[in-house]
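**Q** Here it is, the structure in full.
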Amino acid sequence: MSSLRPRARRLHWRTERTRNVSQGAFMGAMQSVRRWSAAAVAATLCGWLSTFAPAVAEDGRRAGFVGTAVVAAPEKAMPDVPAARPVTRTDCAKAKCVALTFDDGPMSSTAELLDVLAAHQARATFFLVGRNVAARPDLVRRELAAGHELGNHSYTHADLGRSSAAKVREELERTQEAIEQAAGVTPTLMRPPYGSTDKNLALTAKRMGMAQILWSVDPLDWNARDRATVERRIVKGVRPGRILLMHDIHASTVAAVPAILRRLAAQGYVFVTVSELFGGSLTPGKKYVQR
C-alpha cells in the first residue's frame, strides 16, 4: 500500500470501504433472515403444541406441562357413582308393601347384604352413620346404584333427643355432607338413633327438609345376635305398610335376611323404600312409624 500514489491510495481505500460496508450489510441481512426464520418456526411449533391442550383449564386455572405431556391443574375429586339400575315403582295403596330399613352402616357386612337384596330383587332404605360413610363411600355408592334409598342417622350415632340444638345441627349437617360427597345425593329422610327425638330435633329436621322415620317392627337384633330369632321376630310382626328395623352391621342379621325375604315374598309382600311406601309424599320434621 505504501508504494501507491496519494490519489490511487484514496481510490483503493474507498473501494475497500465500499466492499466492507456491502459485506456488513449482507451479513446483517442474513442475520435478520435467520432471526425471522427462527421466530416463524417457534410460532409454528407453539401453535402445533397448543392443539394438544388449552392454555387455561375450564375453571380458569392455568394448565402446566410435565415432560412432554400437558397436565391440567388439579380438579376437585367427584364421586364415581355407578349407573343406577332401572327401578319399577310400586303403588303401595294397592300392593302388599313393607319397607326394609337397615341402620348404622355401611360396614363390611353391608356388601354381603347388598348381594342378598339384589338376588331377591328387593329394595331397602339405609340409614347411614356419617363417620361410616366417610370410611366406606364405595358401599354408599353401591346402595344408591342398586336402587336403595339413603337416609341420615347422625354422624356419631348420637342421642339427638337429648342433645343441644347446636349438637343436633352439627350431627345432621356433617352426615348430609358425607353422603353428598360419597354419592352426590342429599337425603330427605332421617332416623334418630335409639328413636330418641324431641321438639328441637323435629324443628331442625324440618328446616333441613328431612322427615323423621321410626319403625313398627323391631326384632331387637342388636341384642339377639341369632339368625333364627331375628327371622322369627320379623316374620311374626310384619303387616302390610309396616317399617321393619334391622342393622346391617351385625352378621347374624345379614344371615337372617335371605329367609326373611323368601318367607315374606311367599306371602305376597313387596319390598319397597320408605318414600315409596308413603307414595313419595313425606312432610319434613314429621314422625312416621308405618303407612
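We did not get these values from a lab; they are worked out from the coordinates using the rules stated. Given the structure is predicted, the values throughout are model-derived calculations rather than measurements. Because the Cβ atoms are built from the backbone with ideal geometry, glycine has one as well, and the counts that use them run over all protein chains shown.
**Q** Over segment 136-228, what relative contact order in percent results from Cα pairs under 8 Å that are six or more residues apart?
**A** 30 percent
**Q** When we measure straight from the Cα of K206, which lysines land under 20 angstrom away, once same-chain ones fewer than 8 places off are left out?
**A** Filter leaves K167, K286, K287.
**Q** Return the sequence-ordered ³J(HN,Hα) values of segment 125-137 in whole Hz as given by the Karplus equation 6.51 cos²θ - 1.76 cosθ + 1.60 applied to θ = phi - 60°, using x for Gly and Pro.
**A** In residue order, the calculated couplings are 10, 10, 9, 9, 8, x, 5, 6, 4, 4, 7, 9, x Hz.
**Q** Semi-axes of the equivalent ellipsoid for segment 251-291, please: Cα gyration tensor eigenvalues, times 5, square-rooted, ordered largest first, whole Å.
**A** For segment 251-291, the ellipsoid semi-axes come out as 26, 14, 7 Å.
**Q** Additional query: Once the Cα gyration tensor of segment 176-291 is diagonalised, what are the square roots of 5 times its eigenvalues, in whole Å and ordered largest first, as equivalent ellipsoid semi-axes?
**A** Square roots of five times the eigenvalues give 27, 16, 14 Å.
**Q** Could I ask something else about it? Using the Karplus curve 6.51 cos²θ - 1.76 cosθ + 1.60 with θ = phi - 60°, work out ³J(HN,Hα) for each residue of segment 101-118 in order, rounded to whole Hz, and write x for Gly and Pro.
**A** Whole-Hz 3J(HN,Hα) from phi for segment 101-118: 10, 10, 10, 5, x, x, 10, 4, 5, 5, 4, 5, 4, 4, 5, 5, 4, 5.
**Q** Still on this structure, please answer the following. Work out the FRET efficiency for R239 and E177 from their Cβ-Cβ distance, taking R0 = 35 Å, and round it to the nearest 0.05.
**A** 0.45
**Q** Work out from phi, with θ = phi - 60° and the Karplus expression 6.51 cos²θ - 1.76 cosθ + 1.60, the ³J(HN,Hα) of each residue of segment 225-239, listed in order in whole Hz, and give x for Gly and Pro.
**A** 7, 9, 4, 5, 5, 4, 4, 4, 5, 5, 4, 5, x, 6, 8
**Q** Might you report the magnitude of the Cβ-based charge dipole of segment 114-180 about its Cα centre, with Lys and Arg at +1 and Asp and Glu at -1, to the nearest 20 debye?
**A** 100 debye
**Q** Then there's this: Run the numbers for A166 and R207: contour at 0.36 nm per residue of separation, minus the present Cα-Cα distance, in nm.
**A** Once the chain is fully extended between A166 and R207, it gains 13.4 nm.
**Q** Relative to the present Cα-Cα distance, how much length would full extension add between K94 and D218 at 0.36 nm per residue of separation?
**A** Net length gain for the segment: 42.2 nm.
**Q** Turning to a different aspect of this structure: Please give the peptides 193-200, 113-120 ranked by average Cβ packing (other Cβ atoms within 10 Å per residue), highest first, as a rough proxy for protection.
**A** By packing density, highest mean first, the sequence is 113-120, 193-200.
**Q** Once amide H atoms are built 1.01 Å from N in the peptide plane, which residues 5 or more positions from G151, or in another chain, come under 5 Å H to H?
**A** F126, F127, L128
**Q** Would you mind calculating the gained length between A259 and A118 on full extension (0.36 nm times residue separation, minus the Cα-Cα distance), in nm to one decimal?
**A** 49.3 nm is the gain from fully extending A259 to A118.
**Q** Counting alpha carbon pairs within less than 8 Å and at least 6 residues apart, what relative contact order, in whole percent, applies to segment 204-291?
**A** After rounding, I find 47 percent.
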